[in-house]
Amino acid sequence: MKINYSVSNLRRLVSTPQVEIRPITILLGRNSVGKSTFLRSFPLLRQSVETKSSAPILWYGDYVDFGEFRGAVTNNDEDKSVRFSFNFEHFSTTVHSSDYIAVGGNIRANTRSLRFDDVGITYSVRSSAGLTGRDTITLTIPSLQLELSIGFADSRNFVRSLLLNGEELKPTFSDIEIYFSQGNIFANAAFFRIGKESKLVGEPKQSVFLRAIQKELDRYVDGRISRTTIASEGVKNITKE
């Protein structure tokens, strides 16, 4: 797998081209153009992953010290977002059976390998009330003609918008709040159903997506066909080799 990386709005680095990361990578350029900042962004990400904190990016830690967001962002402009972009060529992963939607207690006990020629991820953070929080996370898979963009509310924990190829999906999850824990740059999403008195109740992700699929299909499928039949057919398709 080939990995390319770029960073934007970090100190002098307003924008950088994608740089292929190899065991030995040499950066060339004039003095004070941001080479050291680019290199220091790697231990910045490492300490953000390894250290528990109240923010997804830990600007100062055991490996590197950028001070705070205002000192790290280009021109000290706190209205800008700092962006970290990754591109993976020949990307592969394994999906385990526990990630599949179970219907009627039946599920295939297998794993499925997924391979894509190209996958891109851009992770943006910004400042709010002096604190660093998520701004957007964008996933692109060109072979599927897919772009998923997750936008975060001012709290930086709850999802504000969910765009799939430019179309807002949040109304499909109108009764669900999607939450990412603040102190982990690559946190998993948690789903909460809005219950009585607006209390949030934890909801399994399988149930959330199953209901969302059913909600969308209800608009197109003959009402005489049961939801269980629809869901069962869907599971057959997503679990087949």
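Worth a mention:
- Modelled spin-label separation between ARG219 and ASP118, with each label point placed 7 Å from Cα along the Cα-to-Cβ direction: 3.0 nm.
- Region 1-99 shape via C-alpha gyration tensor axes, a/c threshold 1.5: oblate
- Debye, to nearest 20: dipole size of the chain, +1 on Lys, Arg Cβ, -1 on Asp, Glu Cβ: 260
- Based on the reciprocal of the average 1/r between different C-alpha atoms, the Kirkwood radius for region 126-215 equals 14.2 Å.
- Exposure proxy ranking, count of Cβ atoms within 10 Å, fewest first, for GLU167, GLU197, GLU68, GLU216: GLU197, GLU167, GLU216, GLU68
- FRET efficiency, THR94 to VAL14 (Cβ-Cβ, R0 41 Å, nearest 0.05): 0.60
- A Gaussian network model of the chain, with springs between Cα atoms under 10 Å, assigns the largest mean-square fluctuation among ILE178, ILE150, ILE24 to ILE24.
- Measuring against 31 Å, Cα to Cα, the residue pairs LYS52/LYS205; LYS170/LYS196; LYS52/LYS215; LYS52/LYS80; LYS2/LYS52; LYS80/LYS170 contain LYS52/LYS215 as the ones spanning a longer distance.
- Between PHE186 and LEU28, the FRET efficiency estimated from the beta carbon spacing at R0 = 30 angstrom works out to 0.45.
- GNM remark for the chain: springs join alpha carbons under 10 Å apart, and the peak mean-square fluctuation among SER149, SER85, SER207 falls on SER207.
- Inverse of mean 1/r across different Cα pairs in region 19-70, Kirkwood, Å: 12.4
- Principal-axis tilt of helix 227-239 within the chain, Cα atoms, nearest 10 degrees: 50
- Exposure proxy for TYR60, TYR123: other Cβ atoms within 10 Å of each Cβ, ordered fewest to most, give TYR60, TYR123.
- Summed over qualifying helices (DSSP H, 4 residues or more, each -39500 (n - 2.57)) and divided by its residue number, the chain shows a 222 nm mean residue ellipticity of -6000 deg cm²/dmol.
- Per residue Cα convex hull volume in Å³ - calculated over the chain: 163
- Note on the chain: with a GNM built from Cα contacts shorter than 10 Å, the maximum mean-square fluctuation among ILE57, ILE194, ILE137 falls on ILE194.
- Computed FRET value (nearest 0.05) for ASP175 with ALA153, which takes r as the C-beta separation and R₀ as 22 Å: 0.85
Taken together, the values in this text are just the output of simple stated rules run on the coordinates, not laboratory data. Since the structure is predicted, the reported quantities are computational estimates derived from the model, not experimental observations. Note that we place each Cβ from the backbone using ideal geometry, even for glycine, and neighbour counts take in every protein chain shown.
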